[in-house]
Amino acid sequence: MSTPNGFPKHSRTCVTDSMEGGAVQDLQAKKAGKAAKKEAGGRVAVPAEGPVSVGTPVSETLKLLPEELKANMKIKSITPRPPRKPRLERAASLDEKSWRRWRRFRTSQESLTDPNDTSSSNGSLQEASPSPPNRDRASPCHPCQQNSLHSSPDASEASPVGKSRGSTSDLGKRASEISSAFGGLLRGKAFVGGKPRLSQIMPARPLPPMELNVASHTLRTANRIDSDCLDYRHYSQHKFGRVSSSLSDTRLHGNGMVYDSCSTDSMKSTFSLLTPIRAKDVRSRSYLEGSLMANGALLGAEELSRYFPDRNVGIFVATWNMQGRKELPMNLDDFLLPTDPDYAQDMYVIGVQEGCPDRREWEIRLQETLGPHYVLLYSAAHGVLYMSVFIRRDLIWFCSEVEYATVTTRIVSQIKTKGALGICFTFFGTSFLFITSHFTSGDSKVNERKLDYNKTIQALTLPKNVPDTNPYRSSPSDVTTRFDEVFWFGDFNFRLNKDRETVDSILNQKPGTDVSKLLVYDQLTSEMSRGSIFKGFREADIHFRPSYKFDIGKDSYDTTSKQRTPSYTDRVVFRSRYKDDIQAVKYSSCPVIKTSDHRPVFALFRVKVRPGRDNIPLAAGQFDRELYLMGIKRRISREIQKRREQKDQKSSSICSIS
C-alpha cells in the first residue's frame, strides 16, 4: 500500500536496542550543553527518536522531542523527493519467493543476535535496510523493541544518566548522522526492495566496436532507376563528397541521437538531399558569368558530383528503319529497356528512318514505354527522318537550349527521304551532337554514300547560339569537331561484298554471335579502316546477326525474287575530343520487333561529363508536357486493362459436357 504522497506505507519498522540507548543519552546531554550551543550558534538536525518510517512526516517526529529542545534549535528543512516509477517485473517463481522469505528471516535473526550493540542510529538503520517490510502485512518485531519504542519519550526525560555522557560535539555528530539516515529513508535509499544486489561485472578485455550499419543489405529493396537505394549517410557524405550538409542533415546526425543506417534509410523521404545555398552566395552570384568551382553554380563541379559521383552518364542510342509502316509494335520494352543491363540509362536518343506516318503517335509510344521518370527534351523531323531525345526528369535543369539542323542529300531538295538530322545541346560542361542519317541505297554505291557523309559534315550548321566548349579544336569544315561527344547513327546502307549463298552458309555455320567472317566483307568496316569516311569515329564490336533484310513478321531473310544479301546497314558510331571519354557497354539488335524489314539496332554508352559554367543559354526545364501526360495516361489505362484481363482469366471456368 502507499500513502497519498506516493511513499510506501510501513506498519512498523524493526530497530535494534541501540536506538533506545543512543537517543536517551543524546537528549539528556542536550540540556547540559544548552549554553554552549547558543554561543556556537551552530545548526544541527533534529535527532529522530522512536520508530522512523518512510511515511512519518517531520512534524510528527518533532512532537517526540522536548519543548525546550524545539525552542532552542533551528530545524533544517528536508524536502522529500517522490520515488521513482516502479519497473514492470516478471512474476517471481516459487524458488525466488522462498529465497526472499529465508533472507528476511535470516536478517531478523542477525538483528537479534547482538542486543548489547551501542552503535549509532545510522548504523542500526543500515543493518535494518536489507530487510524491507512486506507490503501486504506488517513484519514481526521483537517484543523488547516494541516496548523500547513506546517508552522512549518518557525515558528520555526521566533518565539522569545522559547528562554525564556526551557533549555538544557528540550531540551534533550523532544528530547529523541521524538526519542523513532520515533523508536517505525519505529518498528511498535505505529500503531498496526484496531483490538481491549483485556487484557489477566488468569484462576482462574491452569489447570490440559494433558497426553502425546493422541492417542486412540483402533484405533491402532497391529502385533501379532512382539513386536513393543507397545508404543516406554514406550517400550524402562519402559518395557525394559534400562539404556541408543541409539543415535537416545537421538535425539528423549532429544532435547526438543514437541511430543506425536502418533508421536513417527510413527517413530518406523526410530529409532533403539538396545542397544548401547560402543567402550571400545567392546575392553575389552572377548568372551571366558562372564559375566552374563556385559554390552554388548550377552547372559547377559540386552539383555535378552530387548527381554523378563518378562523372559518367549512361546514354542509350538506337536507330531503326521503320519502312514507312503504319503499324507500330505492341510492346517496345525489349527495344528500349533490354534485360541485360540492370539499370535504365540517363538519356535515350532514338533515330528513325522512313518513319511511320503518325509521328506524334510514335513519340507517345516512346513516352509510354519509358514512363514518368523521363521527359521529352526535344524532338525534330526532316521528312521521314525522326529523332527524339528523352532525358531523366531530374536532369533537365542542367541542359542548355537544344538546337537542330537538317541536310538533304537528294538532288531535288524537296524530296526528304535521304539526308541527315542533327540535334545538339550542352549537358553540364560537355557538348553533345547526335546525327541520324539515311544514305544512298544500293550494293555498289559506296562512293555516293561517301558523298552523303561529306555533305553532311559540311552543311550541318551547328551550334548556333550555344557556345563551343573548346573552339581551339574546332574546324569550320567539319561539324563533328565542334562538339565534345558525337554519336552518328542511322541506315548507312553499307552492304556485304559477297553473294547470298556464301553469306547464308556462314550464317548457318555460326548461328551464335561469332560473325567475324561476315565482317571481313563489310563495306563500312573497310572504308573506315582506310579513313575515307567517319574520320576519327569508332564502332563497338559487332556480335549480332545482320539487321537487313528480313521478311516482315518472320525471322528469315529476303525470300522474294530479288534475294537481297543480308547486310549490316544499320549502325552506330561515335567519336570524342578526349581519349576514352566514351565507353561502349553494349551493342546489339532487337530481333523481337518484326514489323519492318530492318531490325532495330541500339548501343549503350558510358560517357564522361565535365563541369561547366552558367554563362550558357539554359533550357530552363522545358519539355513536352502534353506528350508527357498523354503517355502516362495511356500507360495507366493499359495497366488497368491488363489487370482486368488477368482477373477475368482467373474467374473464368471451363464447363465440360459428358
Looking at segment 535-558, which of its residues are of a type in the set (Phe, Trp, Tyr), under 26 Å from Ala584 (Cβ atoms) and not in a loop (DSSP other than H, G, I, E, B)?
Tyr548, Phe550
Looking at (1) open to solvent by 80 Å² or more (accessible area, probe 1.4 Å); (2) modelled with pLDDT of 90 or more, which is the one condition that is false for Lys650?
(2)
Considering every residue within segment 460-468, establish whether at least one is modelled with pLDDT under 95, touching a Ser or Thr at 6+ places or on another chain (Cβ under 8 Å) and more than 16 Å from Tyr404 (Cα to Cα).
no
Going through Ser588, Ser596 one at a time, which residue ends up being in contact (Cβ under 8 Å) with a residue 12 or more places away in the chain and in a loop (DSSP other than H, G, I, E, B)?
Ser596
If you check Arg644, Arg613, Arg634, which single one turns out to be of a type in the set (Lys, Arg), out of contact with any Lys or Arg (no Cβ under 9 Å at 6 or more places or on another chain) and either under 22 Å from Ile391 (Cα atoms) or open to solvent by less than 20 Å² (accessible area, probe 1.4 Å) (or both)?
Arg613
All but one of (1) without any contact (Cβ under 8 Å) to a residue 40 or more places away in the chain; (2) on the phi < 0 side of the Ramachandran plot hold for Glu368; state the number of the condition that does not hold.
(1)
Scan segment 409-423 and give yes if some residue there is open to solvent by 10 Å² or more (accessible area, probe 1.4 Å), of a type in the set (A, V, I, L, M) and touching a residue at least 60 places away in the same chain (Cβ under 8 Å), otherwise no.
no
How do the pairs read when you match residues in segment 305-318 that are touching a residue at least 24 places away in the same chain (Cβ under 8 Å) with residues anywhere that are in a strand (DSSP E or B) and surrounded by fewer than 18 Cβ atoms within 10 Å (Cβ to Cβ), using Cβ under 7 Å and keeping only pairs 6 or more apart or on different chains?
Asn312/Arg606; Gly314/Arg606
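Okay, residues lined up against (1) under 20 Å from Thr436 (Cβ atoms); (2) surrounded by fewer than 18 Cβ atoms within 10 Å (Cβ to Cβ); (3) of a type in the set (Asp, Glu):
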position	(1), (2), (3)
Asp491	yes, no, yes
Arg495	yes, no, no
Asp522	no, no, yes
Ile533	yes, no, no
Read through the list (1) open to solvent by 20 Å² or more (accessible area, probe 1.4 Å); (2) without any contact (Cβ under 8 Å) to a residue 24 or more places away in the chain, then give the number of the only condition that Asp499 fails.
(2)
Mind counting the residues in segment 616-628 that are part of a helix (DSSP H, G or I) and either in contact with a helix residue (DSSP H, G or I) (Cβ under 9 Å, 6 or more places away or on another chain) or open to solvent by less than 40 Å² (accessible area, probe 1.4 Å) (or both)?
2
State whether one or more residues within segment 505-514 are touching a His at 6+ places or on another chain (Cβ under 6 Å), polar (S, T, N, Q) and surrounded by 12 or more Cβ atoms within 10 Å (Cβ to Cβ).
yes
Note down all Cβ pairs under 9 Å where the first residue falls in segment 510-526 and is of a type in the set (Asp, Glu) and modelled with pLDDT of 95 or more, the second is open to solvent by 40 Å² or more (accessible area, probe 1.4 Å) and not in a helix (DSSP H, G or I), and they're at least six residues apart or on different chains.
Asp522/Asn497
If we keep just the residues of segment 454-503 that are assigned to a strand (DSSP E or B) and hydrophobic (A, V, I, L, M, F, W, C), which is nearest to Ser431 (Cα to Cα)?
Val486
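The values are calculated or read from the model by the stated rules, or taken from the named source; none is laboratory data. It should be emphasised that the depicted structure is a prediction, and the values quoted were computed from it without experimental measurement. With ideal geometry, Cβ positions are generated from the backbone for all residues, glycine too; neighbour counts draw on all protein chains shown. Ligands, DNA and RNA are excluded from the accessible area calculation, which covers all protein heavy atoms including side chains. Shrake-Rupley method; radii C 1.70, N 1.55, O 1.52, S 1.80 Å.
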